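Notes follow the structure.
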Amino acid sequence: MPALTEKKRPASRSAGRPAAELIFGDLWTFDPAPETADPKLKSRYDLFIGGKFVAPSSGKYFESINPANETKLAEIAHANAADVDAAYAAAQKAFSTWGKMPGKERAKYIYRLARLLQDRAREFAVAETMDGGKPIKESRDFDVPMAAAHFFYHAGWADKFDYVAPGRKVAPLGVVGQVIPWNFPLLMMAWKLAPALAMGNCVVIKPAETTSITALKFGEIIADAGLPPGVINIVSGFGDTGAAVMTHPTAAKVAFTGSTEVGKIIMRSLAGTDKKMTMELGGKAANIVFDDAPLDQAVEGIVNGIFFNQGHVCCAGSRLLVHEPVAAAVLAKLKARVRTLRVGDPLDKNTDIGAINSREQLDKITELVASGVKDGADLFQPAGKLPGKGYYYRPTIFSNVTMSHRIAREEIFGPVLSVMTFRTLDEAVEKANNTAYGLSAGVWTDKGSRILKMSTELKAGVVWANTYNKFDPTSPFGGYKESGFGREGGRQGLLDYAKLI
Ligand code: ADP
């Protein structure tokens, strides 16, 4: 929406006046600093079933596009119901040994997965960035190391299950079906695989259609780690493949991360079965700034909360609630900070905001932003040139938003922040909880007592205090209300993959 973007600022400031702020936009040219590691992509990726790469039985492949420049990266196999059947059969067969293997033996394999991923970290980071559009500094410093950390953490649990549920024994469920989204492809895979494997389950997993490459590359690591064939099976495809994975009669449990809409479809189709389920769905988190908060730190947290991974984050702090006395100051600081963000080539180490994952997602963001303008909110977008090719969107801040606006209620899943104000703590809690979702929230204040009160009253699975988007494998993550149920990470996440005896 170029007509609404901020006017380009003149390069030289008015004579004699001190500079009030740093202005970047597209006025400073940075030398490019591209990451150059070879992602070692194949031109075609087959399904990974029974420890081997196999062609899909339909012979069909679809294209995976680099959203940064709209070029084709590879062809990806489209699994049909027969392939999903084969994957479940392989997993069922593997379960007869993997499920009985002593935990300390299973741990060795899981440690190996973690170490092999670390060995190939740069290669995986580049592949993740090319396939999904996220800045290389994020895939390099967050996605890949955090994925390895999940395997390390759960490997550490595998020989200690006598202590995971005091007074009870635990046993694996059997074969589990998992479907993951496109925003953190490798990391979501690690979140799902690591606890399932550690507990002794075997897996059939489906990556998202726009980001299957790192999952299928992980098949190479699984083979190199010598994991018994069939313990992990990877079937790529679209919603039809996902539905076949979720509804397969062999699955003792299904775990899904994705939209609330698809989560509801899956729950409806599984109603009446005895399958265990965990659902990690959408969010519309409130990031709440009180007047006693350290404002500069809060601004960094707000920026991280909404612009991390282009805002393609289910727990993104997409609603900013600011205490009225500091609202004007926070908004001014925020706009100044957002002007310094660099949007562009995700493979450039200087890039803060990379490419939007797909044309479809870009259209969805554009439509929701247009609704915000139509509803009467004030739009701010910094100046700066966007690359000519690829899917990009400027960081966007809406102020004067009211609770009835679509941009305050619907998950945008893009770099778009809706700013509202509040006068009292009760009003902040009421506004924060006035949503169908309940995945996460942030609180910025100097007072410990206020943090404790807010974290009790906010109906959100995770409440961050004076920080945002902090993750750790030891810490359970999951939602309330339409954000889903079940936890991933920590002891709680492990127990979601166990039978208690
Ligand atoms: P998002 O686009 O927000 O990630 P989706 O819920 O559309 O959300 O996609 C998440 C994952 O669910 C993807 O891997 C997708 O292929 C898969 N999927 C889509 N439709 C279905 C369905 N009906 N049953 C199971 N999985 C599905």
Q.
Tell me which strands (runs of 3 or more DSSP E) are completely within segment 172-285 and hold 2 or more residues being modelled with pLDDT of 95 or more and within 14 Å of the ligand (Cβ to nearest atom), or say none if there are none.
A. 175-179, 202-206, 253-257, 276-280
Q.
Tally up the residues in segment 398-418 that are away from the ligand (no atom under 16 Å from the Cβ) and either within 18 Å of C314 (Cα to Cα) or surrounded by fewer than 17 Cβ atoms within 10 Å (Cβ to Cβ) (or both), please.
A. 10
Q.
Let me confirm something: among A77, A90, A81, A125, which residue is surrounded by fewer than 17 Cβ atoms within 10 Å (Cβ to Cβ) and of a type outside the set (F, W, Y)?
A. A81
**Q.** T435 outside the structural domain of I65 (by TED's automatic domain parsing) and over 19 Å from M279 (Cα atoms)
**A.** no
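It is to be established whether one or more residues within segment 292-304 are in contact (Cβ under 8 Å) with a residue 24 or more places away in the chain, under 20 Å from the mean Cα position of the chain (by Cα) and assigned to a loop (DSSP other than H, G, I, E, B).
no
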Q.
Report every pair of residues separated by at least 6 positions or lying on different chains whose Cβ atoms are under 9 Å apart, first residue within segment 237-259 and without any contact (Cβ under 8 Å) to a residue 40 or more places away in the chain and closer than 20 Å to F95 by Cα, second more than 7 Å from the ligand (Cβ to nearest atom) and assigned to a helix (DSSP H, G or I).
A. T247/S269; T247/L270; P249/Y88
Q) How many of the residues in segment 308-330 are within 18 Å of L187 (Cα to Cα) and away from the ligand (no atom under 16 Å from the Cβ)? A) 1
Q: Quick one: which residue in K349, K276 is charged (D, E, K, R) and in contact with a strand residue (DSSP E or B) (Cβ under 7 Å, 6 or more places away or on another chain)?
A: K276
Q: Answer yes or no: is there a residue in segment 306-323 that is surrounded by fewer than 22 Cβ atoms within 10 Å (Cβ to Cβ), over 21 Å from E482 (Cβ atoms) and not small (G, A, S).
A: no
**Q.** Filtered residues of segment 93-106 (kept if surrounded by fewer than 20 Cβ atoms within 10 Å (Cβ to Cβ), out of contact with any helix residue (DSSP H, G or I) (no Cβ under 9 Å at 6 or more places or on another chain) and part of a helix (DSSP H, G or I))
**A.** K93, S96, T97, K104, E105
**Q.** Residue under evaluation A432, criteria (1) on the phi < 0 side of the Ramachandran plot; (2) in contact with a Phe, Trp or Tyr (Cβ under 7 Å, 6 or more places away or on another chain), criterion not met
**A.** (2)
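The values are calculated or read from the model by the stated rules, or taken from the named source; none is laboratory data. Computed from a predicted model, the values in this text were never measured in an experiment. Glycine also receives a Cβ, built like all others from the backbone with ideal geometry; neighbour counts cover every protein chain displayed.
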